[in-house]
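The values are calculated or read from the model by the stated rules, or taken from the named source; none is laboratory data. Remember, it's a predicted structure, so these values are computed and weren't measured experimentally. Reconstructed Cβ throughout: ideal geometry from the backbone, glycine too, with neighbour counts over all protein chains shown. The accessibility values were calculated without ligands, DNA or RNA, using every heavy atom of the protein model including side chains. Shrake-Rupley method; radii C 1.70, N 1.55, O 1.52, S 1.80 Å.
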Amino acid sequence: MDIVKDSPIIAAVKNEKELRHALQSECETVFLLFGSLLSVDELVKKIKESGKTAIVHIDLIEGLGNNDIAVDFLKKYCSPDGIISTKVSMIKRAKKLGLTTVHRVFILDSLSIGNIKTVLDAGNPDYVEILPGIIPKAIEEICETVSIPVITGGLIKKKEEVIAALNAGAAAVSTSCEEVWGM
């Protein structure tokens, strides 16, 4: 599944209000960054019924653990299109189950940029999401280093930041800033 093919802006939602707005937006993909074991199925259903792609940040769903059974649960009972995780083991399991995978990586310094290829090779995700997404030079370096599409996220609030990330080589930008969703 190509989650960035027709729309390089991804709505990242952290609560019900943002989700309602995202479902009305032009964004075709929604990164679900909240929920619990009791609500995630309904949240995914709302996203999919709106004709959008539902990608669940599995590490942020309250009540799910950090093991394979959490991915199995999501796949069986919630049917998201994919997951986001910072953990290689979750990415590997989701890929095995046929879900689209986004490995979220935090860029703190040059060492983290240097290690990104090793981390991604271990899980072989479909996408990498780097945070923060407002450092064009780092985005460019990562895009030159990895062979998978790069999504940038975190701290993106202005049109200029989106353009800078895309010009640096990012395939897409994820943001919770609703003003950017309509770009």
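Could you please let me know if Gly133 is more than 23 Å from Pro80 (Cα to Cα) and surrounded by 18 or more Cβ atoms within 10 Å (Cβ to Cβ)? Judged against the criteria, Gly133 is a match. Among residues of the range 124-141 that are in contact (Cβ under 8 Å) with a residue 40 or more places away in the chain, those with a Cβ under 7 angstrom from a residue that is open to solvent by less than 40 Å² (accessible area, probe 1.4 Å) and among the charged types (D, E, K, R), sequence gap 6+ or separate chain, pair up as Glu129/Arg104. Taking (1) among the aliphatic types (A, V, I, L, M); (2) open to solvent by 50 Å² or more (accessible area, probe 1.4 Å); (3) more than 30 Å from Leu38 (Cα to Cα) in turn, Ile139 satisfies each apart from (2). Picking from residues in the range 17-48 that are touching a residue at least 60 places away in the same chain (Cβ under 8 Å) and of a type in the set (Gly, Ala, Ser), the one that is nearest to Val102 (Cα to Cα) is Ala22.
State whether the residues of the range 1-14 include one that is among the polar types (S, T, N, Q) and more than 15 Å from the chain's Cα centre (by Cα). No - not one qualifying residue is present in the range 1-14.
Among the conditions (1) open to solvent by 30 Å² or more (accessible area, probe 1.4 Å); (2) within 23 Å of Leu166 (Cα to Cα), the only one that Arg93 does not satisfy is (2). Apart from one condition, Leu111 fits all of (1) part of a helix (DSSP H, G or I); (2) open to solvent by less than 70 Å² (accessible area, probe 1.4 Å); (3) within 26 Å of Ile139 (Cα to Cα); the exception is (2).
Check off (1) open to solvent by less than 50 Å² (accessible area, probe 1.4 Å); (2) assigned to a helix (DSSP H, G or I); (3) closer than 22 Å to Phe34 by Cβ for Thr101 and give me the number that stays unchecked. The one condition Thr101 does not meet is (2).
For Lys117, are the conditions met, namely being among the charged types (D, E, K, R) and touching a helix residue (DSSP H, G or I) at 6+ places or on another chain (Cβ under 7 Å)?
Considered against the rule, which asks whether it is among the charged types (D, E, K, R) and touching a helix residue (DSSP H, G or I) at 6+ places or on another chain (Cβ under 7 Å), Lys117 comes out as yes.
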